[in-house]
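Have a look at the structure below, then the notes.
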Amino acid sequence: MASVQITQSNYAQYFGEGVEGITLLDFWAEWCGPCKRFGPIFEKTSEKYDDVVFGKINTEEEQGLAMQFGITSIPTLVAFRDGVLVFQQPGAIDGASLERLIEQIKELDMDEVRKKIEEQSA
């Protein structure tokens, strides 16, 4: 699956409450050198995982989404599983690290993750 452009108007269908599966978001900008290096890695990895949504958010065009996620450095990679934010980290990573991250997200016990979130917010 190739990546999709995420915008303020379509983001709700890709991540957040009620969305099943894994969604990876790449926050980037055209002028960002590390973003240009990470972009092809993100795209190539997207072709290996038909069961994962790979979304790209241009921080220049979607400043509201960037602010919503508190993006202060790009590229930033954000991951959701079953509507729950499970990972957020600035900086580019290599393809092998991205694939390991996806596999780790797939292995998460989401009942346990939700329980920990509930405990932290109590």
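Answer with yes or no whether E107 is within 23 Å of I117 (Cβ to Cβ) and over 14 Å from the mean Cα position of the chain (by Cα). When the stated conditions are applied, E107 passes them.
The residues listed here are T59, T23; of these, the one that is under 13 Å from the mean Cα position of the chain (by Cα), surrounded by 19 or more Cβ atoms within 10 Å (Cβ to Cβ) and of a type in the set (S, T, Y) is T23.
Being over 13 Å from the mean Cα position of the chain (by Cα), among the polar types (S, T, N, Q) and not in a helix (DSSP H, G or I): is that true of T7 here? When the stated conditions are applied, T7 passes them.
Checking each residue of region 81-98 against the condition of being of a type in the set (S, T, Y), surrounded by fewer than 14 Cβ atoms within 10 Å (Cβ to Cβ) and at pLDDT below 95 gives no match. Against the condition in contact with an Asp or Glu (Cβ under 9 Å, 6 or more places away or on another chain), more than 19 Å from I105 (Cβ to Cβ) and surrounded by fewer than 17 Cβ atoms within 10 Å (Cβ to Cβ), how does A12 come out, does it pass? Answer is no for this residue. Cβ-Cβ contacts under 8 Å between residues 6 or more apart (or on different chains), taken from a first residue in region 37-55 that is over 16 Å from V78 (Cα atoms) to a second residue that is acidic (D, E) and surrounded by fewer than 19 Cβ atoms within 10 Å (Cβ to Cβ), are listed as K48/E99.
Which of the strands (runs of 3 or more DSSP E) found entirely inside region 14-122 contain at least 1 residues meeting this: touching a Cys at 6+ places or on another chain (Cβ under 6 Å) and of a type outside the set (G, A, S)?
Details: elements: 22-28, 52-58, 76-81, 84-90.
Per the criteria, 22-28.
The values are calculated or read from the model by the stated rules, or taken from the named source; none is laboratory data. Since this is a predicted model, take the numbers as computed values, not measurements. Don't worry about glycine lacking a Cβ; one is built from the backbone with ideal geometry, like all the others, and counts go over all protein chains shown.
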